[in-house]
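The values are calculated or read from the model by the stated rules, or taken from the named source; none is laboratory data. Small disclaimer: the values here were computed from a predicted structure and weren't measured. So basically every Cβ, Gly included, is an ideal-geometry build from the backbone, and we count neighbours across all protein chains shown.
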């Protein structure tokens, strides 16, 4: 009947000893866990089914109803057989010393690549691109440069909590592209998405930004697909995983 304290300073690495030590304290009256993020799917993927994790993150009914009414006109989502959701993050990541922000150099060719990919490999004949992020003007500029596939902006709405976007992804997103892939908010949006065809920018950090605190093998689920920008061709393609 004792209290124990565990400390983890890494944001995005899996430390199995934390789980082992906490598991050995089953008779403890209280466990004090001072942990930073624990942003690794490995902490729960083997012990909690995805549907159980989703139930823990379910929005209250009142908030879901408000999100449904104020996020987007659902009629604009009709008539499409695949909704490709593009998550972007700019504002705080631009000045961050760690995170690589969304940029047009990767985002535009990645959208072009995935627009064709969902047609060729996911049987989409009528896809819709949906932009989800924190910079409405930048996302509108991106949409104005997209050709051949219709697009829609899910406008940033400060009258709704940010997690309302998670509810939207659960209801509508058949595939997800994470353009600022170190965003933990974007990570959870992708994890909860209706369709589990998840793609992410393999450049997640500014040079030397995370050091050893983010391990891609621990952070990105192994059924997610990394995309890589080739500066010699200005194109994006699938990057083979080496972990």
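Computed values, structure above
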| read-out | value |
| --- | --- |
| Single unsatisfied condition, residue 39 versus (1) out of contact with any strand residue (DSSP E or B) (no Cβ under 6 Å at 6 or more places or on another chain); (2) modelled with pLDDT of 80 or more; (3) more than 30 Å from residue 233 (Cα to Cα); (4) surrounded by 12 or more Cβ atoms within 10 Å (Cβ to Cβ) | (1) |
| Residue ID - surrounded by the fewest Cβ atoms within 10 Å (Cβ to Cβ), chosen from residues in segment 131-147 that are in contact with a strand residue (DSSP E or B) (Cβ under 8 Å, 6 or more places away or on another chain) and within 13 Å of residue 107 (Cα to Cα) | 140 |
| Residue 156 vs. criteria in contact (Cβ under 8 Å) with a residue 12 or more places away in the chain and out of contact with any helix residue (DSSP H, G or I) (no Cβ under 8 Å at 6 or more places or on another chain) | no |
| Exclusive hit being within 19 Å of the chain's Cα centre (by Cα), modelled with pLDDT of 95 or more and more than 22 Å from residue 204 (Cβ to Cβ), set 114, 152, 122, 108 | 152 |
| Residue 80 at pLDDT 80 or above and not assigned by TED's automatic domain parsing to the domain that holds residue 129 | no |
| Complete set of residues in segment 183-200 that are in a loop (DSSP other than H, G, I, E, B) and touching a helix residue (DSSP H, G or I) at 6+ places or on another chain (Cβ under 8 Å) | 183, 193, 194 |
| Helices (runs of 4 or more DSSP H) lying entirely in segment 47-118 (those with 1 or more residues that are without any contact (Cβ under 8 Å) to a residue 12 or more places away in the chain and more than 21 Å from residue 165 (Cα to Cα)) | 91-95 |
| Among residues of segment 185-234, those that are farther than 24 Å from residue 53 by Cα and either under 11 Å from the mean Cα position of the chain (by Cα) or not assigned by TED's automatic domain parsing to the domain that holds residue 102 (or both), counted | 1 |
| Evaluation of residue 70 against (1) surrounded by 12 or more Cβ atoms within 10 Å (Cβ to Cβ); (2) under 21 Å from the mean Cα position of the chain (by Cα) (one fails), failing number | (2) |
| Residue under evaluation residue 74, criteria (1) more than 24 Å from residue 230 (Cβ to Cβ); (2) modelled with pLDDT of 95 or more, criterion not met | (2) |
| Segment 201-240 - residue that is touching a strand residue (DSSP E or B) at 6+ places or on another chain (Cβ under 6 Å) and not in a strand (DSSP E or B) and, of those, farthest from residue 111 (Cα to Cα) | 219 |
